[in-house]
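S.K.: The following block contains the structure, expressed as structure tokens.
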Amino acid sequence: MQLNFAQPFVQNIQSLSQNNISMDVLRLDAVHPVISGNKWFKLQYYLQDAIANNFDAILTFGGAFSNHIIATAAACKLHNLRSIGIIRGERGNKLSHTLSYAKNLGMELNFVSRDDYKSKKITNTDYKSFYLINEGGFGYLGAKGAATILQAVNTSQYTHILCACGTGTMLAGLAMALHPNQKLIGINVLKGYENLLKDAQNIVPADVNFSNVTVLHQFHCGGYAKHNNALIELMNNLWLQEKLPTDFVYTAKLFYAVEALLQQNYFEPDDRLLLIHSGGLQGNQSIKDKLFFSQLQ
Ligand SMILES: *Cc1c(COP(=O)(O)O)cnc(C)c1O
């Protein structure tokens with residue numbers, strides 16, 4: 001696999017816009033086809049910290065299709081660090097495409113039962129000295145890395161920044177980098193995670209202003225990694241009309257939400273929206289038969 005990285009860019013989206021509301025997408029997925037855009041940003045300060053403190057191994061957690069696992073594996077390979085992935089659930093007969101990619105990048109995979117995974121107990125004594133990164137890169141350094149997303153291009157002209165949320169780390173980072181009067185809207189892709197905003201707030205310094213930050217909970221389409229026909233149709237339309245690939249776990253739900261909000265006249269005429277395309281396209285491999293586009297060749 002190639003570890004070549006490209007620059008994010010802004011794409012204007014015409015087909016969803018109305019009422020003179022402009023819609024741009026910050027294409028962090030363009031950074032790399034497999035290594036998810038926002039994970040890459042979230043990892044940078046953890047790796048710096050690990051290297052500065054002379055760690056030679058990184059240990060982290062994730063599921064079989066985790067964007068975070070694959071990004072960590074790649075980042076460690078790039079920095080010549082040993083990488084250890086604690087993977088939720090028993091090892092199947094065949095590794096998922098995500099895990100086999102991570103393995104090819106040199107990650108050591110350690111499968112643990114769902115109960116052990118929940119308690120985050122490391123029982124394998126081979127792992128003595130390692131730098132631990134939380135599942136999804138959750139934590140202050142992750143947010144600090146995500147804050148740099150808004151420096152990738154000039155973002156001061158937008159009235160609203162919108163992103164999909166899992167752990168809320170990216171949201172917390174974007175809140176740190178928000179311009180005055182800019183609003184930030186997070187779309188929660190998890191069902192029933194009501195504390196997302198509070199948890200996000202808790203990982204950043206208390207003086208970070210969250211008064212312009214909103215999390216919307218009604219656009220998860222059934223729950224984490226669940227999808228329905230409307231979501232798939234939207235993904236295929238975005239591809240056909242805009243040549244914009246989205247992933248079904250996160251970014252498609254962001255667009256799904258924005259489409260619904262536009263219909264509800266949530267925004268004012270002349271608002272300028274910036275949607276963060278946070279990557280994650282590698283996850284589409286598991287539903288590729290339903291899609292008109294495929295990211296992994
Ligand atoms: C992990 C991920 C998110 C969510 O980021 P959090 O910081 O966990 O909220 C959004 N989009 C993609 C593509 C991701 O991989």
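S.K.: In region 79-174, which trypsin sites (Lys or Arg not before Pro) fall in coil by DSSP and have 16 or fewer other Cβ atoms within 10 Å?
M.R.: R91, K94, K120, K121, K128
S.K.: Now a separate question. Helix 251-263: angle to the longest alpha-carbon principal axis of the chain, degrees 0 to 90, nearest 10?
M.R.: 20 degrees
S.K.: Per residue, how much space in cubic angstrom lies within the convex hull of the C-alpha atoms of region 44-201?
M.R.: Given the Cα convex hull of region 44-201, per-residue volume reads 133 Å³.
S.K.: Which whole-number percent of Cα pairs in the chain have a distance greater than 33 Å? Walk me through the numbers on the way to the answer.
M.R.: Numbers: 8569 of 43956 pairs.
Of all Cα-Cα distances in the chain, 19 percent exceed 33 Å.
S.K.: Using the structure shown, list the pairs from K94/K121; K42/K118; K183/K290; K77/K191 with a Cα-Cα distance above 32 Å, or answer none.
M.R.: Cα-Cα > 32 Å for K183/K290; K77/K191; rest within.
S.K.: If we restrict to alpha carbons, what Rg and Dmax does region 62-128 come to, in Å?
M.R.: Rg, Dmax (Cα atoms, Å): 11.5, 32.
S.K.: If you wrap a convex hull around the alpha carbons of region 93-152, what volume per residue comes out, as a whole number of Å³?
M.R.: Cα convex hull per residue, to the nearest whole number: 150 Å³.
S.K.: Same structure, new question: Any idea what the dipole of the chain comes to, in debye rounded to 20, about its Cα centre with Lys/Arg Cβ at +1 and Asp/Glu Cβ at -1?
M.R.: Here the size comes out at about 700 debye.
S.K.: When the Karplus curve 6.51 cos²θ - 1.76 cosθ + 1.60 is applied with θ = phi - 60°, which whole-Hz ³J(HN,Hα) does each residue of region 96-102 get, with x for Gly and Pro?
M.R.: 5, 4, 5, 6, 5, 4, 4
S.K.: What does the charge count around T72 come to, taking other residues whose C-beta lies under 12 Å from its C-beta (Lys +1, Arg +1, Asp -1, Glu -1)?
M.R.: Net charge in that neighbourhood comes out at +2.
S.K.: A further question on this structure: Tally Lys/Arg at +1 and Asp/Glu at -1 over every other residue whose Cβ is under 11 Å from the Cβ of Y127; what's the total?
M.R.: Spelling it out: positives minus negatives among the neighbours equals 0.
S.K.: Where does the charge balance sit around L190 when Lys and Arg score +1, Asp and Glu -1, over other residues with C-beta under 12 Å from its C-beta?
M.R.: After counting each charged neighbour, the total is +1.
S.K.: Okay, moving on. I need the semi-axes of the equivalent ellipsoid of region 134-194: take the C-alpha gyration tensor, multiply each eigenvalue by 5, square-root it, list largest first in whole angstrom. Please report the intermediate quantities before stating the final value.
M.R.: Values: eigenvalues 82, 42, 13 Å².
Value: 20, 15, 8 Å, ordered largest first.
S.K.: Could you state the angle between the C-alpha long axis of helix 67-78 and the longest principal axis of the C-alpha atoms of the chain, as a value from 0 to 90 degrees rounded to the nearest 10?
M.R.: Helix 67-78 and the main axis of the chain meet at about 60 degrees.
S.K.: While we're on this one: Which whole-number percent of Cα pairs in region 11-94 have a distance greater than 16 Å?
M.R.: Cα-Cα pairs in region 11-94 separated by more than 16 Å: 62 percent.
S.K.: Any chance you could give the angle, 0 to 90 degrees and rounded to 10, that helix 37-52 forms with the longest Cα principal axis of the chain?
M.R.: 40 degrees
S.K.: Placing unit charges on C-beta atoms (Lys and Arg positive, Asp and Glu negative, everything else neutral), compute the dipole magnitude of region 36-185 about its Cα centre in debye, rounded to 20.
M.R.: Details: 15 positive and 8 negative charges, 39 e Å.
Roughly 180 debye, rounded to the nearest 20.
S.K.: Related question: Report ³J(HN,Hα) in whole Hz for each residue of region 221-234, in order, from the Karplus equation J = 6.51 cos²θ - 1.76 cosθ + 1.60 where θ = phi - 60°; Gly and Pro get x.
M.R.: 6, x, x, 4, 6, 8, 9, 10, 4, 4, 5, 5, 5, 4
Readers should treat all values here as calculations from the given coordinates under stated rules, not as data from a laboratory. Since we're looking at a predicted model, the values are computed, not measured. With ideal geometry, Cβ positions are generated from the backbone for all residues, glycine too; neighbour counts draw on all protein chains shown.
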